[in-house]
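Student: One structure coming up, written as structure tokens, with questions to follow.
Each value in this text was obtained by applying a stated rule to the coordinates, not by laboratory testing. Predicted model, so just to flag it, every value in this text is computed and none were measured. No Cβ is skipped: glycine too gets one built from the backbone with ideal geometry, and neighbour counts run over all protein chains shown.
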Ligand SMILES: [Zn+2]
């Protein structure tokens, strides 16, 4: 679940406690409270709320806008309350890898070193080739330029993104012609350039179609809204089973609800 984080007491960033949980059916009453706060080494620079619904006996993480239950990095650069930050600032987002690839900037190929000083190095830091390749791969699926996508899945992706299918078809063809990281990056960047302004919700919907995360649910302080997506058009690579939705929404939160 996604909800804006705003400064509360003592400047501590927190979202409003949602009134409903992701498992509520129409008419269900929920009893949601804060279960605990989750510290993260990377990703949002503040603790995330893990809420628990006593009625449906589930715990779920409340993510700030821009962050999705995937990896450690923001999808797009927005503030914790969802407001836009500096224009075009893609640094430290999942899409930075694609922009660098398009410009022919390959990240470091050296392997992170384990040492006594750092016995558990973070493998998702920016700057490593394996990270760039992984993020680039994700960006290909997200933007619908993955050459492996079938036409229906590509059209669904474009519908979610509000981008002309032609842009993604040309990108996919360019990658087939020259399957290097530059062509991949360029195809992604072309789609990003064609996106409407403030594309966060559209990217979240497209990522759901790509099977990258569960249906994005947005708690706006009053209503839990599923962001626009078209379930009927989920492509072959889409994941929409209830179990996938649940496991993604639960993320790596508490595995079992305590009594
Ligand atoms: Zn509930």
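Student: Rank these for me by crowding, 38, 202, going from fewest to most other beta carbons within 10 Å.
Tutor: 38, 202
Student: Let me ask you something else. May I ask you to sort 30, 53 by Cβ crowding, counting other Cβ atoms within 10 Å and putting the fewest first?
Tutor: 30, 53
Student: Report the extension gain between residue 178 and residue 129 in nm, rounded to one decimal, defined as 0.36 nm multiplied by the number of residues separating them, less their alpha carbon distance.
Tutor: 15.7 nm
Student: With 10 angstrom as the radius, rank 143, 197 by how many other C-beta atoms surround their C-beta, starting from the fewest.
Tutor: In increasing order of surrounding Cβ atoms, one gets 197, 143.
Student: While we're on this one: Test of understanding: what is the full-extension gain from residue 220 to residue 16, defined as 0.36 nm times their sequence separation minus their Cα-Cα distance?
Tutor: 72.6 nm is the gain from fully extending residue 220 to residue 16.
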